[in-house]
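First up is the structure itself, then whatever we jot down about it.
The values are calculated or read from the model by the stated rules, or taken from the named source; none is laboratory data. Keep in mind that what you see is a predicted model, and the values were worked out from it rather than measured. Cβ atoms come from the backbone with ideal geometry, glycine included; neighbour counts cover every protein chain shown.
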Amino acid sequence: MSFLEVTAFLFDGFKISLLIFAVTLLCGAPLGLPIAFCSMSRFKIVKSISKVIVWIVRGIPLMLQIFIIYYVPGLLFGYQLFGQIDRYMFIEYGIADAGRITAVLIAFALNYACYFSEIYRGGIESISKGQYEAGYVLGLTKSQIFRKIILKQVIQRIVPPMSNEIITLIKDTALANCIMVCEIIKNAKELAATKALIWPLFFTGVFYLVFVGVLTVVLNKAEKKLSYFRS
Amino acid sequence: MAILEVSNIKKSFGKTEVLKDISFTLEKGDVLSIIGSSGSGKTTLLRCLNFLETTDCGKIVADGEVLFDSEDKTKMTDEKIRENRLNFGLVFQNFNLFPQYTVLQNLTLAPTLLKKGDDVTIKQKALELIKKVGLEEKADFYPCQLSGGQQQRVAIARALALNPKILFFDEPTSALDPELTMEVLNVIKGLKESGCTMVIVTHEMAFARDVSDKVIFMDGGVIVEQGDPEQVINNPQNERTKHFLNRYKENS
Ligand SMILES: Nc1ncnc2c1ncn2[C@@H]1O[C@H](COP(=O)(O)OP(=O)(O)OP(=O)(O)O)[C@@H](O)[C@H]1O
Ligand SMILES: [Mg+2]
């Protein structure tokens with residue numbers, strides 16, 4: 001196999017890594033918000049449930065969570081949901097791995113939503129109560145205060161920890177190969193097994209590095225853009 | 001008729017009774033200073049009057065309108081509390097400006113959200129107020145680019161942007177260096193001249209004496225002595241007031 005062929009094959013895998021990355025961000029980031037609000041709820045039950053969920057999800061390895069999501073429908077209901085999706089999508093549309101990828105996406109979105117929720121909670125709780133009170137004495141509603149006063153300060157404060165999580169996320173996507181999803185490292189391992197090529201495995205690092213480099217630049221820009229005020 | 005009538009206000013936090021039966025009145029255009037040692041309940045009183053704390057007992061009447069009456073058992077809605085708050089303005093010890101907005105935006109935010117007029121009028125009024133507190137060159141600055149004294153003047157202007165009937169100050173200068181204190185006190189003096197009704201919690205005795213029409217001395221959650229400033233500050237009758245003011249003279 002030529003260098004170009006290997007690169008193309010690895011890039012096919014990296015597209016799956018990027019898909020997992022994008023979907024996790026797009027679903028996990030919004031989903032973290034209601035979880036954060038539940039964790040701060042006045043209602044003790046809501047708060048405890050939310051905190052227990054966050055504890056469990058952050059407390060066990062993501063790899064294990066992928067296994068759980070993937071195998072639980074079969075174990076509990078005797079229906080291999082994701083395996084069926086795999087078969088159906090392959091037979092009907094020739095798309096491989098659709099069910100496995102779905103399982104991975106669910107596990108990732110839930111896992112990251114919990115991490116994000118803790119970042120949101122920390123950000124929201126770090127805003128001084130004087131900011132709320134200044135809004136109250138100006139006759140504003142709670143929702144106006146949150147949207148127009150608190151939110152932007154929270155965003156400014158959470159950009160650095162979110163950046164960290166986002167950079168971790170692209171590397172975590174490699175975990176998808178624990179249920180044989182063809183992400184980049186899985187493809188590289190396949191080359192090692194079938195073509196006796198070991199260098200592609202190390203070469204995958206370049207893909208991650210380039211992507212993380214781009215991410216770092218973009219995230220730093222965002223951080224800079226928000227640094228015009230100090231809260 | 002008095003613009004503010006406070007009768008028999010009580011407030012406890014758990015078992016500690018912080019305000020025990022506070023009553024006073026304030027005439028339109030007057031300046032009232034509240035003095036008293038730390039923990040005597042001055043901040044709590046201002047917070048109760050501005051509906052940042054729920055008052056346990058008593059009655060608050062502003063300009064003839066009953067804002068709060070513990071005899072009236074109907075529950076206060078959030079809407080009513082917000083309306084009540086709009087009667088008054090409150091200036092905090094640590095300013096609490098909105099950091100992501102410029103000086104001008106700090107002033108226009110609430111009037112715009114509350115639809116108090118069209119954008120042009122709101123902006124014009126805001127610029128006038130910014131001028132009034134002497135910051136016309138700083139209208140487009142962010143709070144972090146201003147000194148403490150300037151920030152506090154913005155906070156005063158922001159409170160005035162909603163035309164409150166009474167402006168409350170909780171130790172407006174105690175987070176400031178002595179040089180910056182004067183610029184804020186001068187703004188307050190200017191407001192008095194333009195007829196603004198104000199209630200000021202302060203530790204600046206000389207200022208309280210010069211600017212006030214009435215002084216209240218609080219201790220342990222009660223009003224120990226009240227009257228005109230000359231009398232309360234220069235010639236206190238009560239032992240506790242004398243004791244408090246003596247300590248002040250020793251310290252300054
Ligand atoms: N949210 C609260 N919960 C419990 N106790 C409180 C609360 N707020 C105030 N207190 C108590 O009420 C008392 C009066 O406090 P307050 O802040 O009104 O005093 P102050 O006269 O403003 O004092 P200072 O001059 O130090 O500002 C204090 O003993 C304080 O500990
Ligand atoms: Mg106080």
| List, please: which pairs have Cβ atoms under 6 Å, are six or more places apart or on different chains, and start with a residue in segment B:100-120 that is within 12 Å of another protein chain (Cβ to nearest Cβ) and touching a residue at least 24 places away in the same chain (Cβ under 8 Å) and end with one that is crowded, with 20+ Cβ neighbours inside 10 Å and of a type in the set (F, W, Y)? | B:N106/B:F98
| query | Is there a residue being more than 26 Å from the chain's Cα centre (by Cα) and not hydrophobic (A, V, I, L, M, F, W, C) anywhere in segment A:102-125? | reply | no
| Right, B:V184: modelled with pLDDT under 95 and either hydrophobic (A, V, I, L, M, F, W, C) or within 16 Å of ligand 2 (Cβ to nearest atom) (or both) or not? | yes
| note | Exactly one of B:S23, B:S40, B:S70 is within 16 Å of ligand 2 (Cβ to nearest atom) and of a type in the set (S, T, Y), and that one is B:S40
| Before we move on, is A:S143 under 21 Å from A:C38 (Cα atoms) and either among the polar types (S, T, N, Q) or touching a Lys or Arg at 6+ places or on another chain (Cβ under 8 Å) (or both)? | yes
| Considering residues of segment B:185-203 that are within 16 Å of ligand 1 (Cβ to nearest atom) and more than 14 Å from every other protein chain (Cβ to nearest Cβ) only, the residue nearest to the chain's Cα centre (by Cα) | B:I200
| request: Pick out the one residue from B:N50, B:N106, B:N94 that is within 16 Å of ligand 1 (Cβ to nearest atom) and more than 23 Å from B:E5 (Cβ to Cβ). | output: B:N94
| What number goes with the only condition from (1) surrounded by fewer than 21 Cβ atoms within 10 Å (Cβ to Cβ); (2) within 30 Å of B:T44 (Cβ to Cβ); (3) out of contact with any strand residue (DSSP E or B) (no Cβ under 8 Å at 6 or more places or on another chain); (4) touching a residue at least 24 places away in the same chain (Cβ under 8 Å) that B:N163 does not pass? | (4)
| request: Tell me, yes or no, whether segment A:203-220 has at least one residue that is at pLDDT 95 or above and either closer than 30 Å to B:L146 by Cα or among the acidic types (D, E) (or both). | output: yes
| query | Listed residues A:S143, A:S231; which is within 14 Å of chain B (Cβ to nearest Cβ), of a type in the set (S, T, N, Q) and surrounded by fewer than 17 Cβ atoms within 10 Å (Cβ to Cβ)? | reply | A:S143
| Qualifying residue in segment B:111-121 (condition: part of a helix (DSSP H, G or I) and among the small types (G, A, S)) | no
| note | For segment A:54-86 the number of residues that are touching a residue at least 40 places away in the same chain (Cβ under 8 Å), of a type outside the set (A, V, I, L, M) and buried (at least 16 other Cβ atoms within 10 Å of the Cβ) is 2
| request: Take the residues in segment B:88-122 that are more than 13 Å from B:L162 (Cβ to Cβ) and aromatic (F, W, Y), then tell me which one is farthest from the chain's Cα centre (by Cα). | output: B:Y101
| task | Pull up segment B:64-99, narrow it to residues that are β-branched (V, I, T) and at the interface with another protein chain (Cβ under 10 Å from one of its Cβ atoms), then point me to the one that is surrounded by the most Cβ atoms within 10 Å (Cβ to Cβ). | result | B:V91
| query | What is the residue count in segment B:211-252 for residues that are acidic (D, E) and either in a strand (DSSP E or B) or touching a Leu at 6+ places or on another chain (Cβ under 9 Å) (or both)? | reply | 3
| said: Tell me whether segment B:213-234 contains one or more residues that are surrounded by 22 or more Cβ atoms within 10 Å (Cβ to Cβ), within 16 Å of ligand 2 (Cβ to nearest atom) and aliphatic (A, V, I, L, M). | reply: yes
